Amino acid sequence: MVSTTPDPTPDVDDCPGTPPSQERTARVEAHGIDHIPDSERRGRPRELFSVWAAANVNYLSLVVGGALVLMGLNLWQALAVIVVGNAFWLLTGVLAVSGPSSGTPSEVITRAMYGVRGNRVNNAIVGWLISVCYFALNLAAAASAAFSLVGKAGLPVNTGVKIVVVVVIAALTLTISVYGHALIMKLYLPITLALTAVFIGVAVAVFGHADLTYVPDQTLTGTDLWAVVLAGTALVASGPLSYTTSADFSRYLPRTTSAKAIVGWTALGGFLPGTVVCSLGAFAATAVDMTDPQSALEKILPGWFAPVFLLALILGTIAINALTAYSAGLALQAVGVRIRRSLSVLVDGTVSVSLTLYALLVSNFLDTVNNVLQLTVALLGPSMAVYATDILLRRNRYDGLALMDESPAGPFWYSGGVNRAGAVALLTGTAAAALCVDTLYYTGPVATALGGVDIALPVGLVVAATLYAVLMRKGVPARA
């Protein structure tokens, strides 16, 4: 068995006068998937708000909001879908409470659900592969804004320039991810404030042109309406559901930190900006053609403000992708690859850049976004359901040092290194969701029978959570 060796523990004596509990932003974070001792815990739960807020003021949220109207919803139906979809940030907040409890990232905590070996497979797919795909989608969104900015500067936007732009944005993103947790906590409050200021300007312009009475040419009713409403909800919810790794950013908080505060600040940090920015996309779609959101929005913005808007889109996407790359690096370690966290982040970035260039140069970007996000919900929903159920069953009591034990004698080896309850619940939940999904690439038999109504999200969540709770009801210790 390959050992998930973490990065070396920081040497607190290399800088005289620095308290052991002070995490410095000027150097690369040394901790990887290893346990964070109580002496190095610090911070307050309200700091989590800016982390998630900065990550949710981004181009992809505008794209998703506009897509809901393009799918045939009227304005108020789209806004209702946006609120319901973003309400799933509450689950992201629930998962975050396991970080301070264990002192380990989500990628290690999930050993309690799947076993040491089973968790390697879980991290390879849910942790690493999904993160890399989301990194690529967001990077493609940022690159689209950057291409326009380059064009405004009078430079040719050819293939060579596009490649350079993608690489530069990825490099800036990965720099934040490599330096890690302390830099993220330091940067994201000013990033949130800057993005908020810009998007207030965008909101003023959008509301000046929006048609509050907008209805599509063909009004959806009956089965067709439910099909679009449920698909749209899954599209919006794919954002919060993709963060089954929220404990990665809360694990440095003291063990005694209020669980309610962690849930509240995490959920609020995702819900508020996610709802506002998605809604701006929907309002804009009542006035301009959001099949090309960037060009469309530039038409209703003051000329001097357009470059500022484009820079904000790039900055917001860098913020969300830095979190994604950070977690993907931890996932690669948790899979069992013997590599430092800082190097694992660079590996993730290389793969993501390749996928991004494909998305931009080969495929239709908007179609790719819609269908990939809907498909990932079939896996992410059950994954988050199992995690949240485990937290409730164990009453959020996790022993971080025990979770680090990968030996067959450890408490999370289960049977052959696999917790069958978690594996069965996740696979069954995903299979049930797959039967109910409806996308351009694939339509499940249940969705076909229902006339295209996609119920993959609720089905996957309920089946996975219920099955896991039943299978684990007799086997959950008082403290993991």
For this session: Kindly establish whether residue 100 is in contact (Cβ under 8 Å) with a residue 24 or more places away in the chain and touching a Pro at 6+ places or on another chain (Cβ under 7 Å).
Result: yes
For this session: Sort out which residues of region 214-241 are part of a loop (DSSP other than H, G, I, E, B), of a type in the set (Ser, Thr, Tyr) and touching a residue at least 40 places away in the same chain (Cβ under 8 Å), and write them in order of number.
Result: 214, 219
Exercise. Does any residue of region 1-16 turn out to be hydrophobic (A, V, I, L, M, F, W, C), at pLDDT 85 or above and not in a loop (DSSP other than H, G, I, E, B)?
Worked result: no
For this session: Answer yes or no as to whether residue 302 is touching a residue at least 40 places away in the same chain (Cβ under 8 Å), in a loop (DSSP other than H, G, I, E, B), over 25 Å from residue 381 (Cα atoms) and not polar (S, T, N, Q).
Result: yes
Exercise. Cβ-Cβ below 7 Å, separation at least six or inter-chain, first residue in region 332-347 and outside any helix (DSSP H, G or I), second open to solvent by 60 Å² or more (accessible area, probe 1.4 Å): which pairs?
Worked result: 336/2; 338/2
For this session: Name every residue in region 38-82 that is open to solvent by 20 Å² or more (accessible area, probe 1.4 Å) and among the hydroxyl-bearing types (Ser, Thr, Tyr), in order of residue number.
Result: 39
For this session: Go through region 407-422 and give me each residue that's small (Gly, Ala, Ser), more than 21 Å from residue 464 (Cβ to Cβ) and open to solvent by 20 Å² or more (accessible area, probe 1.4 Å).
Result: 407, 409, 416
Exercise. Here are some residues: 388, 425, 431, 478. Which one is of a type in the set (A, V, I, L, M), open to solvent by 50 Å² or more (accessible area, probe 1.4 Å) and at pLDDT 95 or above?
Worked result: 431
For this session: Hey, can you tell me all the residues within region 176-195 that are of a type in the set (Gly, Ala, Ser) and either in a helix (DSSP H, G or I) or open to solvent by 70 Å² or more (accessible area, probe 1.4 Å) (or both)?
Result: 177, 182, 194
Exercise. Can you name the residue in region 362-385 that is among the small types (Gly, Ala, Ser) and part of a helix (DSSP H, G or I) and, of all such residues, is modelled with the lowest pLDDT?
Worked result: 378
Problem set entry | Qualifying residue in region 250-261 (condition: crowded, with 22+ Cβ neighbours inside 10 Å and touching a Ser or Thr at 6+ places or on another chain (Cβ under 8 Å)) | yes
Problem set entry | Residues located in region 147-175, provided they are touching a residue at least 40 places away in the same chain (Cβ under 8 Å) and surrounded by 22 or more Cβ atoms within 10 Å (Cβ to Cβ) | 166, 169, 170, 173, 174
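The values are calculated or read from the model by the stated rules, or taken from the named source; none is laboratory data. What you are looking at is a predicted structure, and each value in this text was computed from that prediction instead of being measured. Glycine gets a Cβ as well: all are built from the backbone with ideal geometry, and neighbour counts include every protein chain shown. Please note that ligands, DNA and RNA were not included when accessible areas were found on the heavy atoms of the full protein model with its side chains. Shrake-Rupley method; radii C 1.70, N 1.55, O 1.52, S 1.80 Å.
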